[in-house]
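Read the structure below first, then the notes.
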Amino acid sequence: MQVDLVSIGAGGTGLGAACAAVEAGLSAAVFEKRPKIGGNSLLGTGIFATESPVLERLNMHASSDEMFRIAMEYSHWSIDPILLRTFIDRSGETVAWLEDMGVDFYGITPLALDQLPPTWHCPRGGGPAIVDAMAAFCTDRGAEIITDAAVTEILVDDGQVEGVVVDRRNGEQLRVSSRAVVIGTGGFGGNKEMLRKWVPGYQDSMPCLGVPHDGDGIQMALGLGAGTEGLGHMQYEAPSAKGSLFLNLCIREPGALIVNGRGRRFMDEALVDNPFESANALMRQPGKYSWTIFDESQRREILRKGKNKALGPLYEDQMRKPELFDNAIRPRKGKIVVADTLDELAEGCGLDPAVLAGTVEEYNQAARAGRDPVFAKPRRFMTPLAEGPYYAIRGELGYLETMGGIRINEQMRVLTDDGSELARGLFAGGADVGGWESETYCFRLAGSSFGFAINSGRIAGEQAALDKQARAGGP
Ligand SMILES: Cc1cc2nc3c(=O)[nH]c(=O)nc-3n(C[C@H](O)[C@H](O)[C@H](O)COP(=O)(O)OP(=O)(O)OC[C@H]3O[C@@H](n4cnc5c(N)ncnc54)[C@H](O)[C@@H]3O)c2cc1C
């Protein structure tokens, strides 16, 4: 098999690259290890963009300059400004590109409390709608997408990429010639060995909330001598519970009381709307777990108002369905406790009843006084816990994926540690690479991981087309 471009992985990155390549007249093949395309991109809800046609239609504004400044300040200027700027500057136009493929962006929702300017472009049908549109776009123009086909080796000769070796599930091995290869294998969220090696504070008990990828792309790139950037950064989400989306909305209820494994508060609970930062707060707690506690009056309130409004129209309806709520918070030993009294609740959670009673007493006093003297929780989220039954959900330090690894430049070319290009024609993007995000996912640029995957893939595909033109002696 011989093609102009090979994408390793059929997620946002690999499909983005294949679409840009075929659009520029290149031939392309996408190899996907799993039986189904899409990876974590299927789970994404919205993508980041500034100055997009959707913003314009909705009479909203998110300026590229402002978002650039916010992101650089959030990271303390520890990330690559040129890479970030390139991504941000292309993001609005990439939304238009996807709209031309038939993706219907119905709105831009705040991802967390007070997330402004708005950037989280949500398509009807979520991640699958984007994945399907890109897959159709590239296959309609001749690209092949081959599933159950794992790339196991990237071939490089004399500083030039020459192709890949692919192992198919049916036992067949393919050698594919190509002068451009784009790595987009989605990180190493499922590779415990790599997690233990690279992620400080990682524990095997941490739930992976996304597709448990194996880290193939990063391992192949490092094996060839690639440099690293952001290797070990995680997209944490906490508190998290394995179970339904609904359970995770309840566990991140800003009006609840949240305590650590010793029964003490440790943060402004309203921070749960930004679960990337509340993960940092949880990381500091003994055992890295928490209990989200609310009472019967809050349960009624949640059902009446859909109190967890941060995701706007996305989930509000679901919050109001009592049967979903009751199903989600059915007692499960050590995970979800329902009890008539606080003492029984403490016992079920393995907490010291006297400590929990003291914490609740202090919290209730603060709620009645309308001022949280320690954590400065906004008054509107503080309600006393006074009426049984009481509910407690155990929260863990979960993660969606890893987000860093291979060092690249703004053309998505893989670099060595000294900043030189590793091999002509070798590109990488999405969750396999670093430099676009620091240790904590910046919620102000909501949608930036899925957005970065698509944009980085797209840019890599365009660069591969320019390389081909250059080899042929110009346009
Ligand atoms: C629950 C959840 C919700 C999320 N919501 C959002 C959101 O709303 N907005 C946002 O911006 N981000 C979101 N993210 C993150 C976002 O989905 C990812 O950052 C993004 O999709 C990563 O794209 P990718 O192309 O790097 O990887 P993926 O989309 O995961 O694709 C990688 C693909 O490579 C394949 N692969 C792996 N190894 C090989 C190999 N050796 N050969 C061939 N194929 C291989 C995998 O099977 C997979 O299909 C969410 C993540 C999760 C888990």
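Where a number appears in this text, it was derived from the coordinates with a stated rule and is not lab data. Fair warning: this is a prediction, and the values are worked out from it, not measured in the lab. Don't worry about glycine lacking a Cβ; one is built from the backbone with ideal geometry, like all the others, and counts go over all protein chains shown.
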Give me, ordered by chain and number, the residues 5 or more places off residue 107 or on other chains with an amide H under 5 Å from its own placed amide H. 122
For the range 237-398, what number of Lys pairs, 8 or more residues apart or on separate chains, have alpha-carbon atoms under 18 Å from each other? 9
From the Cα centre of the range 154-194 to that of the range 365-421, the distance in Å is 34
Summing +1 per Lys or Arg and -1 per Asp or Glu among the other residues with Cβ less than 14 Å from residue 227's Cβ gives -4
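Under a Cβ-Cβ cut-off of 11 Å, what is the net charge of the residues other than residue 149 that fall near it, where Lys and Arg count +1 and Asp and Glu count -1?
Details: positive: 33, 34, 168, 169; negative: 32, 144, 148, 167, 172.
Value of the local net charge: -1.
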The chain: calculated mean residue ellipticity at 222 nm from DSSP helix runs of at least 4, using -39500 (n - 2.57): -10500 deg cm²/dmol
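R0 = 45 Å: FRET efficiency of residue 144 with residue 76, Cβ-based, nearest 0.05?
Numbers: r = 44 Å, r/R0 = 0.97.
Efficiency computed from Cβ-Cβ geometry: 0.55.
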Which whole-Hz couplings ³J(HN,Hα) result when phi for each residue of the range 119-136 is put into the Karplus expression 6.51 cos²θ - 1.76 cosθ + 1.60, θ = phi - 60°, listed in order with x for Gly and Pro? 9, 7, 7, 9, x, 4, x, x, x, x, 5, 6, 4, 5, 5, 5, 4, 5
Return one quarter of the surface area of the convex hull spanned by the alpha-carbon atoms of the range 178-266, equal to its mean projected area, in nm². 8.3
Can you tell me what share of the DSSP beta bridges in the chain is antiparallel? A percent to the nearest 5 is fine. 75
Taking θ = phi - 60°, what integer Hz values does the Karplus form 6.51 cos²θ - 1.76 cosθ + 1.60 yield along the range 203-218, in sequence order, with x for Gly and Pro? 10, 4, 6, 6, x, 8, 8, x, 6, x, 5, 9, x, 4, x, 5
J(HN,Hα) series, the range 89-100, from Karplus relation 6.51 cos²θ - 1.76 cosθ + 1.60, nearest Hz, glycine and proline x: 5, 8, 5, x, 5, 5, 4, 4, 4, 5, 4, 5
Residues meeting the amide H criterion for residue 163 (H placed from the backbone, H to H distance under 5 Å, 5 or more places apart or on another chain) are 155, 178
Fraction of the pair-distance distribution of the chain above 41 Å, Cα-Cα pairs, percent: 22
Cβ charges +1 (Lys, Arg) and -1 (Asp, Glu), total dipole of the chain, debye: 1020
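With both bridge residues required to lie in the range 1-136, what share of the DSSP beta bridges run antiparallel, to the nearest 5%? Could you put the intermediate results ahead of the total?
Details: 5 of 9 bridges.
Close to 55 percent.
Loop only by DSSP, 13 or fewer other Cβ within 10 Å of the Cβ. Give me the GluC sites (Glu not before Pro) in the range 146-246 that pass, ordered by residue number.
On the way: sites: 153, 162, 172, 193, 229, 237; in loops: 172.
Hits after loop and neighbour filter: 172.
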Could you tell me which residue out of 272, 336, 303 lies farthest along the dipole of the range 237-398 toward its positive end? Charges go on the beta carbon: Lys and Arg +1, Asp and Glu -1, centred on the Cα centre. 272
Grab the other residues whose beta carbon is less than 13 angstrom from that of residue 421, score K and R as +1, D and E as -1, and report the net. -1
Of the trypsin sites (Lys or Arg not before Pro) in the range 376-474, which ones lie in a loop per DSSP and count no more than 15 other C-beta atoms within 10 Å? none
